[in-house]
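See structure below.
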Amino acid sequence: MRVAAFTDLSGPDGVSVLEQPDPDPGPGEAVVDVEACAINRHDLWILEGASAMVDPEDLPFVAGLDAAGVVSAVGPDVDAVEPGDRVVLCPNETCGSCRFCREGPENTCAEFSLYHGGLAEKALVEADRLVDRPDSLSAVDAAALPTAYMTALRMLDLADVRAGDRVFVPGATGGVGVAAVQLADFRGAETIGTSRSAEKLDRVRELGLDRGIEAVDPDAIRAAVDSRVDAVMNHLGGEYTELGQSLLRRAGTMAVCGRTAGGRSEFKVADLFLRHKRIVGTTMGTQGDLERLVSLAADGALVPAVDQTFSLEETGAAFAAMADRESVGKLVVTP
C-alpha cells in the first residue's frame, strides 16, 4: 500500500509517498480501506518538529487521525464490524481501566492518546473505535468530523451553550472555529467570530456566523465586542485567554482546547472568582459525541465545512495550505 509519510520534520516538504506492506489485523483489529482522511494542526505540529510526540528516530511516520472508508478485513474476536461496512474512525485511544475511563467522559482518560496512520491507502485500527457511516454521508464529509467537530461539540457542552446565548469564537475560520460556529448556530446561539481576513469571515457567515470582527489584536477585538458573552470557545490560547475572560458575563464559561497562539496565558484572578467565571480545559470528545455528529451529518442537519481535497501525492500541498492559513474549514486527503 501507499502511505504519505513524514520523512523529515521540516514542514510540508518533509512528506513523501512510500510503499509499505499491507497491514494484517490481529485480535480486535480491523483494516479500513481509507477513502478520506482530514488533516489537523496536530499533524502539522509534528511535521514541523514542534511536537514531542515524534522525533527523528521515529521516521518515517504516518500521521492522520480522521480516517473514513470501508472495512476490508477483520481480525479474530471482532464482531462490531465486518468487511464491507462503511465507517469513520474515532481516533481516541484510552486505557479503558482508569477511574476516568470507568466514570467518563473517556477523553479525560489518564493515558489518553490519539490514533495515527490515516494518511495511507489502508489503516489498521481498533475495531471497536469504528463508527457506522450511513450511505447518505460521504467519506470526505465523515472524515471532517472527528477532531474538529468532536472538540467543538464537547466545548459547547461544557459551556452549556443554549438557544439565545452569545458565543465568542476567536479564530473563527479554522477547523475547530468553524465547527464551533456551525454547532452553536445549530443550537440557536448567536456567534461572534474573529479573523484577520474579511474574505474568510464572509465565508464563515455563510456557515452561520452572526457577526464577524476583522481583527487579531486583543484590544481591538475587545473594543469591537459591544456586550458580554455567555461562552468563549478558545482554541487559540495565548493572549486570547485573557481576552476571552474579559468578554465573559458573570458566571460565563470559557472552554480552552488549544495553544495555536501561545502555550502560556494570563488571567485576572479576582475577576475569575468575584464574577464566578469558569475556565475549563478539554481535549477532543467522546465516541458518543462522534456518533451524534455522524447522525446529524447523515440527516443533513449539519454539513461539515470542507475547504479542499487532495490526493495522497498532494499531502505535502495540503499541509502547505494549512500552514498558509488561507483555508476555511477542513482540508482532506483522499487516498
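Overview of values
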item: Residue selected from the stretch 136-173 under the condition small (Gly, Ala, Ser) and not in a helix (DSSP H, G or I), by the criterion nearest to the chain's Cα centre (by Cα); result: Ala144
item: Checking Thr191 against (1) in a helix (DSSP H, G or I); (2) buried (at least 24 other Cβ atoms within 10 Å of the Cβ); (3) more than 13 Å from the chain's Cα centre (by Cα), the condition it does not meet; result: (1)
item: Helices (runs of 4 or more DSSP H) (entirely within the stretch 232-335) containing at least 3 residues that are over 21 Å from the mean Cα position of the chain (by Cα); result: 240-247, 269-274
item: Residue check for Thr241: at pLDDT 95 or above and within 16 Å of Ala159 (Cβ to Cβ); result: yes
item: Val140 farther than 30 Å from Val32 by Cβ and either among the β-branched types (Val, Ile, Thr) or modelled with pLDDT under 95 (or both); result: no
item: Among (1) touching a residue at least 60 places away in the same chain (Cβ under 8 Å); (2) buried (at least 23 other Cβ atoms within 10 Å of the Cβ), the one test that Thr241 misses; result: (1)
item: Residue, modelled with the lowest pLDDT, within the stretch 1-52, restricted to residues that are at positive phi and in contact with a Leu (Cβ under 8 Å, 6 or more places away or on another chain); result: Gly49
item: Given (1) surrounded by fewer than 17 Cβ atoms within 10 Å (Cβ to Cβ); (2) assigned to a helix (DSSP H, G or I); (3) in contact (Cβ under 8 Å) with a residue 24 or more places away in the chain, index of the condition Arg203 fails; result: (1)
item: Residue satisfying condition, being surrounded by fewer than 20 Cβ atoms within 10 Å (Cβ to Cβ), assigned by TED's automatic domain parsing to the domain that holds Asp202 and not aliphatic (A, V, I, L, M), within set Asp165, Asp135, Asp128, Asp157; result: Asp157
item: Cβ pairs under 7 Å, 6+ apart, first in the stretch 85-101 and among the aliphatic types (A, V, I, L, M), second in a helix (DSSP H, G or I) and surrounded by fewer than 24 Cβ atoms within 10 Å (Cβ to Cβ); result: Leu89/Arg129
item: Test: residue in the stretch 322-332 that is on the phi > 0 side of the Ramachandran plot and charged (D, E, K, R); result: yes
item: Tally of residues being in contact with a strand residue (DSSP E or B) (Cβ under 8 Å, 6 or more places away or on another chain), surrounded by fewer than 20 Cβ atoms within 10 Å (Cβ to Cβ) and closer than 21 Å to Arg2 by Cβ across the stretch 57-82; result: 6
item: Unmet requirement for Asp219, which otherwise passes all of (1) out of contact with any Asp or Glu (no Cβ under 8 Å at 6 or more places or on another chain); (2) outside any helix (DSSP H, G or I); (3) surrounded by fewer than 21 Cβ atoms within 10 Å (Cβ to Cβ); result: (2)
item: Index of the failed condition, Arg196 passing every other in (1) more than 23 Å from Val294 (Cβ to Cβ); (2) in contact with a Phe, Trp or Tyr (Cβ under 9 Å, 6 or more places away or on another chain); result: (2)
item: Residue among Gly262, Gly300, Gly281, Gly288 that alone is at positive phi, at pLDDT 95 or above and not aromatic (Phe, Trp, Tyr); result: Gly300
item: Checking Ala261 against (1) farther than 17 Å from Arg166 by Cα; (2) touching a helix residue (DSSP H, G or I) at 6+ places or on another chain (Cβ under 7 Å); (3) crowded, with 24+ Cβ neighbours inside 10 Å, the condition it does not meet; result: (3)
item: Test: residue in the stretch 30-47 that is free of Cβ contacts under 8 Å to residues at least 12 places away in the same chain and closer than 18 Å to Lys330 by Cβ; result: yes
item: Identity of the residue in the stretch 138-154, among the small types (Gly, Ala, Ser) and out of contact with any helix residue (DSSP H, G or I) (no Cβ under 6 Å at 6 or more places or on another chain), that ends up surrounded by the fewest Cβ atoms within 10 Å (Cβ to Cβ); result: Ser138
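The values are calculated or read from the model by the stated rules, or taken from the named source; none is laboratory data. Quantities reported herein were computed from a predicted structural model and do not represent experimental measurements. Please note: Cβ atoms are built from the backbone with ideal geometry, for glycine as well, and neighbour counts cover all protein chains shown.
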